[in-house]
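Participant: Dropping a structure here in structure tokens format, bear with me for questions.
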Amino acid sequence: MSVWFHWIDLAGVAVFAVSGTLMAHRKHMDGFGVVVLAGVTAIGGGTLRDMILDLPVFWVKDPSFFYVIILAAIATIIWLRKHETFPLRYLLVADAIGLAFFNVMGLQKALAYGATPFVAIALGTMTGVFGGLIRDVICREIPLVLKGELYATTCILGGAVYVFAVMFDLHTDIAMLAALLTTLLLRLAAMRWHWNLHVFPPHGDEKN
């Protein structure tokens, strides 16, 4: 089981590294900028999660995460050098996949180390969104988590699905798959149909 979790974690790191590299390409960054952006996007959320849980940070003793980041960044660079452009929707889809992977892994790790379901859902959400938040702040973009279509909310709902699946004694693998698909499909649907949770009226409705 631990090997399975490790490979899912690596897959999430790879996808978020691709997302960070694509953003670096959009912002015309140099090679160092690509590495920094791919790295913080890929491991930022998990680093914060482990610090809150008072655990050794996952990438400190396992260099395989850095290898995956570098390989994912290089593969993305090669693609971009051949095709020159990478549509924004692909960046958003890559981000959505990474979000779903990291949400599930953060949630699972928090529960494994004794967190309550509510705290585990919060840490899963944090694992999923924090790397992208850092990426967007570095790039002077309004973070996706703070605007537009449903983002962090999809992690919360996916985490709730996981918790309920465990409560009904479903196998861990099934619970993880259900949570991953819930998070991913909700995020993709929100992007497609522009679902959001706006609480303020449009600026055009404001009166001077």
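The values are calculated or read from the model by the stated rules, or taken from the named source; none is laboratory data. All values derive from a computational prediction rather than experimental measurement. Please note: Cβ atoms are built from the backbone with ideal geometry, for glycine as well, and neighbour counts cover all protein chains shown. Remember, those area values only see protein heavy atoms, side chains included, never the ligands or the DNA or RNA. Shrake-Rupley method; radii C 1.70, N 1.55, O 1.52, S 1.80 Å.
Participant: Would you pick out the residues in the stretch 119-149 that are crowded, with 20+ Cβ neighbours inside 10 Å and assigned to a loop (DSSP other than H, G, I, E, B)?
Facilitator: 149
Participant: Now for a different question. Could you tell me which numbered condition residue 200 fails, if it satisfies all but one of (1) assigned to a loop (DSSP other than H, G, I, E, B); (2) crowded, with 21+ Cβ neighbours inside 10 Å?
Facilitator: Every listed condition holds for residue 200 apart from (2).
Participant: Would the stretch 41-48 turn up any residue that is of a type in the set (Gly, Ala, Ser) and open to solvent by 70 Å² or more (accessible area, probe 1.4 Å)?
Facilitator: no
Participant: Could you please find all residues in the stretch 64-92 being of a type in the set (Val, Ile, Thr) and modelled with pLDDT of 80 or more?
Facilitator: Of everything in the stretch 64-92, those that are of a type in the set (Val, Ile, Thr) and modelled with pLDDT of 80 or more turn out to be 68, 69, 70, 74, 76, 77, 78.
Participant: With the condition kept exactly as written, say whether any residue in the stretch 160-175 is surrounded by 24 or more Cβ atoms within 10 Å (Cβ to Cβ) and under 21 Å from residue 15 (Cα atoms).
Facilitator: Let us first name the residues in the stretch 160-175 that are surrounded by 24 or more Cβ atoms within 10 Å (Cβ to Cβ), namely 162.
Retained after the next criterion (residues that are under 21 Å from residue 15 (Cα atoms)): none.
No, every residue in the stretch 160-175 fails to be surrounded by 24 or more Cβ atoms within 10 Å (Cβ to Cβ) and under 21 Å from residue 15 (Cα atoms).
Participant: On to the next question. For the stretch 147-180, which positions are touching a Gly at 6+ places or on another chain (Cβ under 8 Å) and among the hydrophobic types (A, V, I, L, M, F, W, C)?
Facilitator: 152, 155, 179, 180, listed by residue number.
Participant: A further question follows. From the residues in the stretch 1-35 that are among the β-branched types (Val, Ile, Thr) and under 18 Å from the mean Cα position of the chain (by Cα), which one is farthest from residue 138 (Cα to Cα)?
Facilitator: 8
Participant: Right, another one. Please tell me if residue 99 is open to solvent by 30 Å² or more (accessible area, probe 1.4 Å) and of a type outside the set (Phe, Trp, Tyr). Outline the logic, then answer.
Facilitator: Numbers: open to solvent by 30 Å² or more (accessible area, probe 1.4 Å): no; of a type outside the set (Phe, Trp, Tyr): yes.
In short, no.
Participant: Can you find a residue in the stretch 98-117 that is charged (D, E, K, R), within 21 Å of residue 13 (Cα to Cα) and out of contact with any strand residue (DSSP E or B) (no Cβ under 8 Å at 6 or more places or on another chain)?
Facilitator: yes
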